[in-house]
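Read-outs: derived from the displayed coordinates by stated rules, not from any lab. Source: prediction; values computed, not measured. When we count neighbours, we look across all protein chains shown, and the Cβ atoms used for this are built from the backbone with ideal geometry, even at glycine.
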Amino acid sequence: MRDAQPTTIYLSDYRVPDFLIDKTELSFELEEAHTTVNSRLYLRRNPEALDQSAPLELHGADLSLESIALDGRELAADEWVEEGELLRIASVPDNFTLHCVTRIYPQSNTSLEGLYKSSGMFCTQCEAEGFRKITYYLDRPDVMAEFYVDIIADKSLYPVLLSNGNCVLEEDLEFGRHRTRWHDPFPKPAYLFALVAGRLSRVSDRFRTRSGREVDLHIYVEDKDLDKCEHAMTSLKNAMRWDEDVYGREYDLDIFNIVAVDDFNMGAMENKSLNIFNTSCVLAKPETTTDAGFQRVEGVVAHEYFHNWSGNRVTCRDWFQLSLKEGFTVFRDAEFSADMGSPTVKRVEDVTLLRTAQFAEDAGPMAHPVRPDSFIEISNFYTVTIYEKGAEVVRMIHTLLGAEGFRRGSDLYFERHDGQAVTCEDFVRAMEEANGVDLQQFRRWYSQAGTPRLAVSGEYDEAAQTYTLTVKQSCPATPGQAEKLPFHIPLKVALLGEAGQLRLNLQGHKADPDAADNTERVLAVTEDTQAFVFTDIPERPVPSLLRGFSAPVRLHFDYRRDELLTLMAKDSDGFCRWDASQQLGLAEILSAISAQESGQAAVVAEDFVAACRSLLLDESLDPAMVALMLQLPSEAYLAELISPVDVQAIYRAREAVRKGLAHALRSELEACYGRCDVEEEYAANAEQIARRSLKNTALAYLMLCEDGEVYALARRQFERSGNMTDRLAALVAIVNAAEPYKGEALQRFYQDWQHEPLVINQWFQVQATCRLPGTLGRVKELMSHPAFDIGNPNKVRALIGAFCGQNAVNFHAEDGSGYAYLADQVIELNRRNPQIASRLLTPLTKWQKYLPAAQTAMKAELRRILAEPELSSDVYEVVSKSLQGAEGN
Ligand code: ZN
């Protein structure tokens, strides 16, 4: 464990490093009991350092030091001291080499940070600060070195030995061992270092860059998974081409490797030329992987590949700048996925994630700006705010500058900062300078936390033929930030008239040169209150606001019902059309909650039923959009809109509305199901995914009719479908219904797939997210199932994480059993894997939103965790921050 008193790191304390490393030579001797790491660092004083006589301070954690020598001379015991995570040598020359031998124990490293073993292979995870668990080093991203790496291991156990860059030597050694040497010509920070050793098979391909470089592509997996690599390989080649086409970025080495590992804390890691992936983000085949799984593989493969420029060639100066690479790269992968599939569906999915998880984070105790000012444990800041809100900030710049202006900015950014470790400020400045614009006020998106609120009202003046939109912005206080200054918010709008979108003339402004038909406009909202007057408006319009979700804000406009129905049926902006359906669905749920409170039965409004009916009947619509619009706002989103959150009442009301729709639309749902249920060879393309999504949405509704006929339909789908999307959707339907076939279905599914860990994760997850009573008992039972492994993060997420994070009605059981269960698991995982323990905690930290009794129970569990001895800094930071402001703490 780390220090008893975790310390806070501040951005304002940033100083350039006192020393630089020009070259790093590492040699790893991998053995069964331990690994010996020899490191030779070629160090020199940084001419830009303030203190030219500063001691050398290297980071190191859980290392056992065998020897340390400076310029070939072994240091005496009194020439260095170790304090916490620092090794200090008081007196060093201006130029020197430091030779350290350390011993580490990958076999017993359960944190999955540094060098560890997963399913018999050695692998590394160094971001953010894991390299210090391998050897003493300047483990900060602004220290970049050229790496030479030797790996020595038993040849039969570890025939494949990989590191970054090019393989420059392979040789057999005595006693059945062998050695490879790797050289990475691109100087890089330690967090991008990687090593892999194992018995791996590979799938290979080639890519020819547009300037003619032939790149060897390899995906390394266990032998049994060779049949699941094709989709990742195709995705990789598509991503490489796309980055050339859209950003002019080419790959820069002759080899690009991906390795799949079972035990991994996150999705994947962009180590230079040696990306390491969670198996769940690389393996896919139709029989084992859902459509969502295929899309995740495509997105993550692209994300990590895009990091080669946005992250590796241009990296971060310090970890406060994390969103510089993550926000930008998420924006890039989202645009890529949109281009590969359905742009509107991708946008709606991303907005859904943002408006549930990120808005919740921004409203809770862990709220932080896209560029945080301080942290205790950087691993806690790989958040939806850094990633998803960060991507929205980049998207807003794209909206403000237009595609060409944005490209001019990114070209300048990459050219100017290639090989450097830079800041969010450098990114914004490149965008500004390449376009001659001023983004001064826009920069507040990086420094101010919290989700801005836009209250918009519209007024039509028939006599003057004007329509005035009045926009008020505000932003709630967040920890450490009581007052906010106004943001620069790009508000994309159109005005709908009877016959379509109206031409927009904005008083005091020229026509928007980028808007081809002049019926859509990006309003620059920059003040607390602002009025935008549109002239020559011949009729009272329905405003279409925040088109494409042009800014990460909560927008309120007091629409009449008929206006929402118009938007839902007619708006040309897919996001706004979908959002109108969600607002109507919300109204139904709110009225069902009131009905319940006064002991009445909920009735779904006729006009809403009619709107859903026309969606189901209109075969000209994109089925994926129909599916999205038919789905009511999720419980997680409702919890963001309703305060305080009464989980049980929300669940009951939402179910009542769903049931009402199912009964009212049964024949249309059946017809729609029949239309979408076509026999075809599986492909993960937008068209098929759309059809399956609508079919399974219809199935989920039909199940609510609760009779033998619909149960037989689900059963038929479960038994006959050859792809995992349909099979799993049927299983979910069966498990959540009072279906007698449930036990048999679960058993069959297990028997069919017990040899596929990723499918078994789905099996755990389906049971953990079952809405019916008794689920917690089942989850506890499953923890002693032979297929469960608390050391494997995917399993933990599938069972514990899914129950606590995606099963509100059971997690928030009124007896507090869900909270106690989560606290027990966090305490157990705190020692084993602090990153996973801390992430798992998220649902408990949102206690402020719930009813008083729930709040008390949740806080009591947080306090129980806080009282544990030896809390990791990860768990300590999240628990202590979420209890801040709670009385009695
Ligand atoms: Zn990333």
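Taking the conditions (1) within 25 Å of residue 434 (Cα to Cα); (2) crowded, with 22+ Cβ neighbours inside 10 Å; (3) among the charged types (D, E, K, R) in turn, residue 408 satisfies each one other than (2). Applying the condition of being more than 10 Å from the ligand (Cβ to nearest atom) and polar (S, T, N, Q) to the stretch 303-316 and asking which residue is surrounded by the fewest Cβ atoms within 10 Å (Cβ to Cβ) yields 312. Please verify whether the stretch 242-251 includes one or more residues that are without any contact (Cβ under 8 Å) to a residue 12 or more places away in the chain and more than 16 Å from the ligand (Cβ to nearest atom). Scanning the stretch 242-251 turns up at least one residue that is without any contact (Cβ under 8 Å) to a residue 12 or more places away in the chain and more than 16 Å from the ligand (Cβ to nearest atom).
Number of residues in the stretch 22-36 that are surrounded by fewer than 21 Cβ atoms within 10 Å (Cβ to Cβ) and part of a strand (DSSP E or B): the value is 6. Of the candidates 348, 300, the single residue that is within 12 Å of the ligand (Cβ to nearest atom) and either in a helix (DSSP H, G or I) or among the acidic types (Asp, Glu) (or both) is 300. Just to be sure, is residue 357 surrounded by fewer than 24 Cβ atoms within 10 Å (Cβ to Cβ), under 14 Å from the mean Cα position of the chain (by Cα) and away from the ligand (no atom under 16 Å from the Cβ)? Judged against the criteria, residue 357 is a match. Only one of the numbered conditions (1) surrounded by fewer than 24 Cβ atoms within 10 Å (Cβ to Cβ); (2) of a type outside the set (Gly, Ala, Ser); (3) within 12 Å of the ligand (Cβ to nearest atom) is violated by residue 234, and that is (3).
Test residue 337 against the stated conditions and say whether it is hydroxyl-bearing (Ser, Thr, Tyr), within 16 Å of the ligand (Cβ to nearest atom) and more than 14 Å from the chain's Cα centre (by Cα).
On the way: hydroxyl-bearing (Ser, Thr, Tyr): yes; within 16 Å of the ligand (Cβ to nearest atom): yes; more than 14 Å from the chain's Cα centre (by Cα): yes.
It is true that residue 337 is hydroxyl-bearing (Ser, Thr, Tyr), within 16 Å of the ligand (Cβ to nearest atom) and more than 14 Å from the chain's Cα centre (by Cα).
If I filter the stretch 317-328 for residues that are part of a loop (DSSP other than H, G, I, E, B) and either within 14 Å of the ligand (Cβ to nearest atom) or surrounded by fewer than 24 Cβ atoms within 10 Å (Cβ to Cβ) (or both), do I get at least one hit? Checked the stretch 317-328: at least one residue is part of a loop (DSSP other than H, G, I, E, B) and either within 14 Å of the ligand (Cβ to nearest atom) or surrounded by fewer than 24 Cβ atoms within 10 Å (Cβ to Cβ) (or both).
Of all residues in the stretch 252-272, which are within 16 Å of the ligand (Cβ to nearest atom) and either of a type outside the set (Gly, Ala, Ser) or more than 18 Å from the chain's Cα centre (by Cα) (or both)? Show your work before the answer.
Narrowing the stretch 252-272 to residues within 16 Å of the ligand (Cβ to nearest atom): 258, 264-272.
Correct list: 258, 264, 265, 266, 269, 270, 271, 272.
Pick from the stretch 761-808 the residues that are over 24 Å from the mean Cα position of the chain (by Cα) and of a type in the set (Val, Ile, Thr): which of them is surrounded by the most Cβ atoms within 10 Å (Cβ to Cβ)? The residue in question is 779. Here residue 611 fulfils each of the conditions (1) surrounded by 17 or more Cβ atoms within 10 Å (Cβ to Cβ); (2) over 24 Å from residue 345 (Cβ atoms) apart from (2).
Remark: pairs (first residue in the stretch 370-382, in contact (Cβ under 8 Å) with a residue 60 or more places away in the chain; second residue assigned to a helix (DSSP H, G or I) and of a type in the set (Val, Ile, Thr); Cβ separation under 7 Å; 6+ apart in sequence or on different chains) = 370/385; 370/386; 370/393; 380/878. Please determine, by comparing only the residues of the stretch 45-64 that are assigned to a strand (DSSP E or B) and out of contact with any Leu (no Cβ under 6 Å at 6 or more places or on another chain), which one is farthest from residue 131 (Cα to Cα). Selected residue: 45.
Among the strands (runs of 3 or more DSSP E) confined wholly to the stretch 99-154, which include 2 or more residues that are acidic (Asp, Glu)? First the steps, then the outcome.
Working: elements: 114-118, 121-125, 145-154.
In the stretch 99-154, 145-154 are the strands (runs of 3 or more DSSP E) which contain 2 or more residues that are acidic (Asp, Glu).
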